[in-house]
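K.L.:
Before I ask anything, let me first share the structure, which is written out below as structure tokens.
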Amino acid sequence: MTITHTPVTYQQLAGELQRLRDNTPLVHVMTNEVVQEFTANVLLAIGAAPAMIVAEEEAGEFAAIASALLINVGTLYPARLAAMKIAAAAAQKAGTPWVLDPVAVGVLSYRSDAARELLAFKPAAIRGNASEILALAGLAAGGRGVDSTASSQSAVKAAKQLARDTGAIVAVTGETDYITDGERVLATLWGHVRMTRVVGTGCALSAVVAAFLADAPDRLLAVAAACGILGVCGERAFDCSEGTGSFKMSFLDALTVIAPAQLRTAEDNA
Amino acid sequence: MTITHTPVTYQQLAGELQRLRDNTPLVHVMTNEVVQEFTANVLLAIGAAPAMIVAEEEAGEFAAIASALLINVGTLYPARLAAMKIAAAAAQKAGTPWVLDPVAVGVLSYRSDAARELLAFKPAAIRGNASEILALAGLAAGGRGVDSTASSQSAVKAAKQLARDTGAIVAVTGETDYITDGERVLATLWGHVRMTRVVGTGCALSAVVAAFLADAPDRLLAVAAACGILGVCGERAFDCSEGTGSFKMSFLDALTVIAPAQLRTAEDNA
Amino acid sequence: MTITHTPVTYQQLAGELQRLRDNTPLVHVMTNEVVQEFTANVLLAIGAAPAMIVAEEEAGEFAAIASALLINVGTLYPARLAAMKIAAAAAQKAGTPWVLDPVAVGVLSYRSDAARELLAFKPAAIRGNASEILALAGLAAGGRGVDSTASSQSAVKAAKQLARDTGAIVAVTGETDYITDGERVLATLWGHVRMTRVVGTGCALSAVVAAFLADAPDRLLAVAAACGILGVCGERAFDCSEGTGSFKMSFLDALTVIAPAQLRTAEDNA
């Protein structure tokens, strides 16, 4: 199957990164237990301000004042799910854009049901791997644990349908990342397979998607830029790494030093 | 406003660090979900022994046998708050010094109320940024998310009042750190702004404050030494860093290798 | 007391590592709050696929489809313990090998009771430090916080008895690691004391033990290989480290690049 898609350019990454750095968006993060520190450090490195507010008593209050919200169902349990629903409802009411990361949806029924319930609160974007997007669209059974068993390309049709059904921008990430609003499809080719060997790169990407969505004039481009910039930094980190330890360190370094001016002078291949 | 304060010296840092290394204090850590690993690694690097004991069933028993206790309200929810109260009460009863870190107090009412309730158990020290200290003292509304919107200098008066009201040493940290017992004010100028771009440096500092408070002959100096030593290590880490990833690594390395003998020969500027 | 034991060889490490890399075992991890990210990164670096599934609603379903399960009681509380029991029961029923890490058992009665209850679900292996193994065997009162106050050698007799009583392989780790099925005792001498200054190396080892137990033809050897390979990587990491920050990074790098072919050509000293 050929996919009609438009490659994102370095110029576009530069423009979006400049916008994020000018705004320092305050990102309300409700993510899984495993990746909270890494997610916060990724957001800080790129220029956003993370705040992890997780209780039912606080999540709604904060979602209403944050610039954007991430909800990731990676280590879901009832109390946390209740807080997420409160936050999602408050975000919807306040107009705070929010992102759903449907970790391992399709593998386990509890979180699959939860993710579908959360869709009612109208996320601005959904970011997952192919198995997750296929499962959330109701087209397949899910991956192996938290990993995809399908290529991102195979889930583009499901992503477009999911985008049309929900009104969200849908990003299906993998070797190539595809980002769609249900009609147009943007693609980013940056990235390195070592990113899959460090826990939380996908989860952190979803948080960065939220950061770029804050006050975004073009949500499709905002989501694609998040994917593209993390991919570029993943490539740069690989070049400085011996293994996954130095990769993770270099990835945060790359996010810290990546600059719009430098991206503007890079040459697109596509 | 001019603040009458006394700069902490390298000699004092050396003496306090030697004392900590001789004692290997066992620090009971009840902190937020985001920074638990980093906090443990900071304590281990500097020479303390961390133990994260979080349940209502265990927190009181452990607070009574630990050398010191940290309570950080960063990702508060009811079960954890209940355990924290049990631990704080046990610490008070056993004479275990404990530290309150009022993360984002003033921003959200649930944690603001909780922090004020915890004050009843008489913390030995309170460590926060200017917005948090101002809010805890009842003088301002809080910062932006977890970040301060005020300078540390602007909160010194509030810190002195809070120290007098609670009997705790109060540290308000920022570009300059001010540490007060309500009368005297010590100041440390070490540190680097990159510390604010790595999640948990403030939270870890509060844990190190607890470590230094264990069996401290001079609590004001103990708290100031914690601030000073982490500041010195932050400066050293910056000199070895490309971005926030290598900064975090180098910060832990600096904490591992910093030595009293070396501090004793350093020259104070002030 | 002299202990009759057999040293593990590099050839054996090579064979076991090759087996793990060929299988990419899916490891269900239920561990403490402090070390989740590091545990996931260690498993990913060595070649396993971690998934942290923690809720009562999902833990049983996932334990039945995972290749192996880790249960670590480090930051235990009632809801998590309930989920662990469900997972352990499901693992036992499905024949999924599972590992118990009895963090700080003997220090606190709640977790000591919990660990003993979990034994009823027949772990395939138990991995702890000397104080933990002595306490779990009912022979001593436990260590200082999460640290052992006894040498691994002093717990070998208790380990053998615990192995016979439970049917589990028991690994008591320390300067030398001893691994026993109740009759035979294997030993590994690799490792470096700096591993004790980075939080989670022991906890991550228990997760790697689970990974090696997946479809293992020889469980005693599988557990010993996990201990040996992490020890070898710890030595290599120390050689590249300034302090604990670079040690942690280099440890993950060593786990990424360690190769069966390279181990096969290494020379045993013993």
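K.L.:
Please report the buried accessible area for the interface of C with B, total over both chains, probe 1.4 Å, in Å² to the nearest 100. Each step should come with its number before you reach the end.
P.N.:
Numbers: alone 11210 and 11230 Å², together 20020 Å².
Rounded to the nearest hundred, the buried surface is 2400 Å².
K.L.:
Under 5 Å between amide H atoms, partner at least 5 residues away or on a different chain: which partners does C:Val29 have, H built in plane at 1.01 Å?
P.N.:
C:Ala51, C:Met52, C:Ile53, C:Leu70
K.L.:
Over the stretch A:152-270, what per residue volume does the convex hull of the Cα atoms give, in whole Å³?
P.N.:
Given the Cα convex hull of the stretch A:152-270, per-residue volume reads 114 Å³.
K.L.:
If we hang a label 7 Å off Cα along the beta carbon direction at A:Pro78, how far is it from the matching labels on the other copies, in nm, shortest first?
P.N.:
Between copies, matching label points for A:Pro78 lie 1.2, 1.2 nm apart.
K.L.:
Amide H neighbours of B:Ile126 under 5 Å, counting only residues 5+ apart in sequence or on other chains, H built in-plane at 1.01 Å?
P.N.:
The list, which skips near neighbours in sequence, is B:Leu100, B:Ile169, B:Val170, B:Ala171.
K.L.:
Further, regarding this structure: Starting from 0 in steps of 10 Å, tell me what percent of the Cα-Cα pairs of chain A lands in each bin.
P.N.:
8, 34, 39, 18, 2
K.L.:
Additional query: Under 8 Å for C-alpha pairs, at least 6 residues apart: give me the relative contact order for the stretch C:6-263, rounded to a whole percent.
P.N.:
Reported as a whole number, the value is 21 percent.
K.L.:
Hey, can you list the DSSP H helices of chain C whose Cα span along the axis is 27 Å or longer and whose average Kyte-Doolittle score is at least 0.5?
P.N.:
C:219-239
K.L.:
Once you wrap a convex hull around the alpha carbon atoms of the protein assembly as shown, what is its projected area averaged over all directions, in nm²?
P.N.:
Projected over every direction and averaged, the Cα hull of the protein assembly as shown covers 31.7 nm².
K.L.:
If you don't mind, there's one more thing I want to ask. Rounded to the nearest 0.05, what FRET efficiency do C:Arg21 and B:Ala266 have when you use their Cβ-Cβ distance and R0 = 60 Å?
P.N.:
Taking R0 as 60 Å, the efficiency between C:Arg21 and B:Ala266 is 0.75.
K.L.:
Cα to Cα, under 25 Å, and not fewer than 8 places away if on the same chain: which lysines meet these conditions relative to B:Lys93?
P.N.:
Of all the lysines, those that pass the test against B:Lys93 - Cα under 25 Å, at least 8 places apart if same chain - are B:Lys85, B:Lys122.
K.L.:
Straight-line reach only, C-alpha to C-alpha below 20 angstrom: list the aspartates and glutamates that B:Lys157 could link to, leaving out same-chain residues fewer than 8 apart.
P.N.:
Of all the aspartates and glutamates, those that pass the test against B:Lys157 - Cα under 20 Å, at least 8 places apart if same chain - are B:Asp101, B:Glu132, B:Asp147, B:Asp165, B:Glu175, B:Asp177, B:Asp181, B:Glu183.
K.L.:
How crowded by other chains is A:66-74, given as the mean number of beta carbons from other chains within 10 Å of each beta carbon?
P.N.:
So the per-residue partner count for this stretch is 1.
K.L.:
Same structure, new question: Please sort A:19-29, B:14-24 by packing, taking for each peptide the average over its residues of neighbouring beta carbons within 10 angstrom, highest first.
P.N.:
A:19-29, B:14-24
K.L.:
Calculate I(q)/I(0) for the stretch C:199-269 by the Debye formula, one identical point scatterer on each C-alpha and no solvent, and give its log10 at q = 0.23 Å⁻¹ to two decimals.
P.N.:
The calculated log intensity ratios at q = 0.23 Å⁻¹ are -1.10.
K.L.:
Using the Kirkwood formula on the Cα atoms of the stretch C:11-139, what hydrodynamic radius do you get, in angstrom to one decimal?
P.N.:
About 14.9 Å, per the Kirkwood formula over Cα pairs.
K.L.:
OK, next. Counting heavy atoms of the protein chains only and a 1.4 Å probe, report the per residue accessible area for chain C as a whole number of Å². All intermediate terms of the calculation are to be shown ahead of the outcome.
P.N.:
Values: 8820 Å² over 270 residues.
For chain C, the solvent-accessible area averages 33 Å² per residue.
K.L.:
Counting only protein heavy atoms, what percent of the accessible surface of the stretch C:39-190 is carbon or sulfur at a 1.4 Å probe? Numbers along the way, then the final one.
P.N.:
Values: 2380 of 4610 Å².
Exposed carbon and sulfur together represent 52 percent of the surface.
K.L.:
Moving on to the next point. Ordered shortest first, which distances in nm separate the 7 Å Cα→C-beta label point of C:Arg21 from those of the other copies?
P.N.:
Computed spacing set for this position: 4.0, 4.1 nm.
K.L.:
For the stretch A:42-88, what D do you get in µm² per second when you plug the Kirkwood radius from alpha-carbon pairs into Stokes-Einstein at 4 °C and 1.567 mPa s?
P.N.:
Once the numbers are plugged in, D ends up at 115 µm²/s.
K.L.:
How many nanometers, to one decimal and shortest first, lie between the label point of B:Ala141 and those of its other copies, if labels sit 7 Å from Cα toward Cβ?
P.N.:
Spacings between copies for this position, smallest first, are 5.5, 5.5 nm.
K.L.:
Taking H as built 1.01 Å from N, whose amide H comes closer than 5 Å to the amide H of A:Glu242, not counting residues under 5 places away?
P.N.:
A:Phe247
The values are calculated or read from the model by the stated rules, or taken from the named source; none is laboratory data. Quick caveat: nothing in here was measured; it's all calculated off a predicted structure. Quick reminder, even Gly has a Cβ in these numbers, built from the backbone with ideal geometry, and neighbours come from all protein chains shown. All accessible areas refer to the heavy atoms of the entire protein, side chains included, with ligands and DNA or RNA removed. Shrake-Rupley method; radii C 1.70, N 1.55, O 1.52, S 1.80 Å.
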